[in-house]
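Here is the structure we will look at.
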Protein chains: 2
Amino acid sequence: MTAQRKSRSGRMETLTAWLRPGWFKALGDPNRLAIVARLACAAKPMTVSEVGGCCGVHISGVSRHLALLRAAGVVAAEKIGREVRYRLNLSDLTGALRGLADAIDACEPSELCNPPREGRKK
Amino acid sequence: MTAQRKSRSGRMETLTAWLRPGWFKALGDPNRLAIVARLACAAKPMTVSEVGGCCGVHISGVSRHLALLRAAGVVAAEKIGREVRYRLNLSDLTGALRGLADAIDACEPSELCNPPREGRKK
DNA sequence: TCAATACTTGCATATTTGCGCAAATGTGCT
DNA sequence: AGCACATTTGCGCAAATATGCAAGTATTGA
């Protein structure tokens, strides 16, 4: 059993569980961040076309960005008729941020933190 | 004056101030995350060679990763003799994570969140 | 049924990125 | 000075990524 302890927000966590490259990678693009920002301030879920207005990218690119954010768990999608409404995964997102912060604080100089593997081939 | 309010952690913040692509990009690589994890659990600052053990990458690659993390403000470096000791920017890191979480929570459906520009040309 | 609308996906292209190797730089030691 | 060790940097390559355009798939409405 690895050393863990109650965090500020009352969860148990291990650092590496929060260190997901794909998650950060999803947020590591200016246009995707613009999309996230746009969704964060939206009163309600937005369609792809609506979201598209926030960055000067072709609608197909926006669609791809949203798909990627969805795959990373940053946003959620719901298909309604011929349109798809995207919204920020609010609690997951803030939960991940605070969880990671807590995990870093709670990190003891003993647990060997092994790298998450997910990236390129070599 | 844009709408802001005291956050859970007592700071004032705007969402876009925390949404820095370069920061997420720095953390969006498996090997760099491994490095971060390694440094997080380290009792004291580590040299490049020491850090290198945590991921199967040539030492020059590790050096580059650390330089990138440093440029992003994730780690700090101190040159001591012929070696360079890297450590996690602990408070900055957790502060950014919680600050962003707070900013997202505090985000009102009114402030237009304009995209941070930093990425590729077009 | 037909056309318009909303979104996704295949493809080609340009750019970025991660990597190893070798050379360069910097520092300590004898 | 001469040498070993630590780190950085130039270079080239292969893989990944972002993007636009065009074609494909649904779905709505006339």
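The values are calculated or read from the model by the stated rules, or taken from the named source; none is laboratory data. Predicted, not measured: the structure shown is a model, and the values here were computed from it. Methodologically, a virtual Cβ is constructed for each residue, glycine included, from the backbone with ideal geometry; neighbour enumeration extends over all protein chains shown. Accessible surface is based on the protein model in full, side chains and every heavy atom, while ligands, DNA and RNA are left aside. Shrake-Rupley method; radii C 1.70, N 1.55, O 1.52, S 1.80 Å.
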For the stretch A:15-105, what is the relative contact order in percent, using Cα pairs closer than 8 Å and at least 6 residues apart in sequence? 33 percent
With every protein chain in place, the residues of the stretch B:17-34 shedding 40 Å² or more of accessible area versus the chain by itself (probe 1.4 Å) are B:19, B:21, B:24, B:28, B:30, B:33
Kindly report, to the nearest 10 Å², the accessible surface of residue A:35 as traced by a 1.4 Å probe over protein heavy atoms only. 0 Å²
Beyond 22 Å, the calculated P(r) of the stretch A:15-105 holds a percent of Cα-Cα pairs equal to 26 percent
Lys and Arg at +1, Asp and Glu at -1: neighbours of residue A:44 with Cβ under 15 Å from its Cβ sum to -1
Exposure ranking of B:82, A:20, A:64, B:98 by accessible area [1.4 Å probe, largest first]: B:82, A:64, A:20, B:98
Per residue, how large is the accessible surface of the stretch B:18-97? Use a 1.4 angstrom probe and give square angstrom. 45 Å²
Quote the total accessible area buried by chains A and B together, excluding ligands, DNA and RNA, probe 1.4 Å, nearest 100 Å². 3400 Å²
Run the label-point distances for residue A:44 please: 7 Å along Cα to Cβ, every other copy, nanometres, shortest first. 6.0
Tell me, what % of the accessible area of the stretch A:15-105 is carbon and sulfur with a 1.4 angstrom probe? 50 percent
Run the simple label-point estimate for residue B:108 and residue A:64 please: 7 Å along Cα→C-beta, distance reported in nm. 3.7 nm
